[in-house]
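Novice: The structure that follows is given in the form of structure tokens.
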Amino acid sequence: MGNVHVTEIKKLADIVKENVRRVVVGHDGWLDLLLIALIARGHVLLEDVPGMGKTLTAKALARSIGCRANRIQFTPDLLPSDVSGINFYNQKRGEFQFRPGAVFTNILLADEINRATPRTQASLLECMEERQVTIDGVTHDLEAPFFVIATQNPVEIQGTFPLPEAQLDRFLMRVSIGYPSQEQGVEILSRFRRSDPLLTLEPVASAEELLAAQAAYGDVHVSDDLYVYIVDIADKSRTHPDVTLGVSPRGTQALLKAAQVKAILMAREYVLPEDVKAVAGPVLAHRIVLRSMAPHGAGAVIADILAHTPVPTEDTLFEGAK
């Protein structure tokens, strides 16, 4: 795998996850998905109610890899220039200067993104896809790594602007943290009773190590049959009776990338169908549009598609893996 071996990437993910867990209680499955998206150079849309530790997780992740983090509270009066930046006239210097917006960071928490107007939401599109911002015809590159965690409350509808399909497709995953168990709730109270452990959290990895992992994960072996398997899943989403808009080619690429990183977290240099199935829900559910009278949610539809898509036979999966 080039200059970085799969064991090094897994070690990086493990130590970062363990460090974040010093602050964030539980949510191992969510942390795994977060790390998969981070290493795969994707972004995450987090649907959950307030107070679940989203901001805390983003800050802990940023500190763990020695990166900067910004948070934007999205509101109806938030302007695109607040997100991306603006050219302003400096009277003392007699010239225009660029004032960077909140996206000029490494990890960006876009809190309650669906509360901003579509125009402001769209200001994130170029940032997320191209890792750059264009203001008045001048392009400004964003510093790598650049990772967006956007949140929205799935319960409150009034005063929100639903994200259009084009923007939903920019997110590698859509996930939910969920409420903590009783044991985890007690641990949260105990851990934060005296002080905030985030204040003493130290980096355990560097941005350079993360960038090396992002450059190398794509070398994880994928058999030709697995390519066909992923495309078959997408094809079935386009013909499913409950779906009006199926998975796009960008969606199949996202599924492949997430499955490759999932394989690394399982200490393998090759992808198995189990890796694809493990990430298919978070990667694909937000990329399909259901019919208005569909009896089941998007997650159930993806599960149904997986259940009815033939899995590659084992003897073809390992060809070229060594």
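Novice: Please name all residue pairs, on different chains or six or more residues apart, with Cβ atoms under 6 Å, provided the first residue is in region 252-269 and is more than 18 Å from His43 (Cα to Cα) and the second residue is modelled with pLDDT under 95 and of a type in the set (A, V, I, L, M, F, W, C).
Specialist: From region 252-269, the pairs are Ile264/Val6; Glu269/Val6.
Novice: Name every residue in region 241-260 that is in contact with a helix residue (DSSP H, G or I) (Cβ under 6 Å, 6 or more places away or on another chain), assigned to a loop (DSSP other than H, G, I, E, B) and open to solvent by 10 Å² or more (accessible area, probe 1.4 Å), in order of residue number.
Specialist: Listed by number, the residues that qualify are Asp242, Gly246.
Novice: Name every residue in region 136-151 that is open to solvent by 20 Å² or more (accessible area, probe 1.4 Å) and in contact with a helix residue (DSSP H, G or I) (Cβ under 7 Å, 6 or more places away or on another chain), in order of residue number. Please lay out each step first, then the result.
Specialist: Pass one, region 136-151, residues open to solvent by 20 Å² or more (accessible area, probe 1.4 Å): 136-141, 143-144.
Passing the criteria: only Ala144.
Novice: Can you pull out the residues in region 8-53 that are open to solvent by 20 Å² or more (accessible area, probe 1.4 Å) and part of a helix (DSSP H, G or I)?
Specialist: Within region 8-53, Glu8, Lys10, Lys11, Asp14, Ile15, Lys17, Glu18, Asp28, Gly29, Asp32, Leu33 meet the criteria.
Novice: Ok, one more. From the set of residues in region 121-158 that are of a type in the set (S, T, N, Q) and within 20 Å of the chain's Cα centre (by Cα), which is modelled with the lowest pLDDT? Please lay out each step first, then the result.
Specialist: Here is the first cut: in region 121-158, the ones of a type in the set (S, T, N, Q) are 121, 123, 132, 134, 139, 151-153, 158.
This time we only want the ones that are within 20 Å of the chain's Cα centre (by Cα), so: 121, 123, 132, 151-153.
Numbers: Gln121: 90, Ser123: 87, Gln132: 93, Thr151: 87, Gln152: 86, Asn153: 78.
Checked region 121-158; the qualifying residue modelled with the lowest pLDDT is Asn153.
Novice: In the set Val204, Val186, which member is more than 23 Å from Leu34 (Cα to Cα) and either of a type in the set (A, V, I, L, M) or touching a residue at least 12 places away in the same chain (Cβ under 8 Å) (or both)? Give the steps one after another, and end with the answer.
Specialist: Details: Val204 fails: more than 23 Å from Leu34 (Cα to Cα).
Exactly one of Val204, Val186 is more than 23 Å from Leu34 (Cα to Cα) and either of a type in the set (A, V, I, L, M) or touching a residue at least 12 places away in the same chain (Cβ under 8 Å) (or both), namely Val186.
Novice: Quick check on this structure: which one of Ser190, Ser195 is assigned to a helix (DSSP H, G or I) and farther than 24 Å from His286 by Cα?
Specialist: Values: Ser195 fails: assigned to a helix (DSSP H, G or I).
Going through Ser190, Ser195 in turn, the sole match is Ser190.
The values are calculated or read from the model by the stated rules, or taken from the named source; none is laboratory data. Not measured: the values here are computed from a predicted model. Glycine gets a Cβ as well: all are built from the backbone with ideal geometry, and neighbour counts include every protein chain shown. Only protein heavy atoms, including side chains, enter the accessible area calculation; ligands, DNA and RNA are left aside. Shrake-Rupley method; radii C 1.70, N 1.55, O 1.52, S 1.80 Å.
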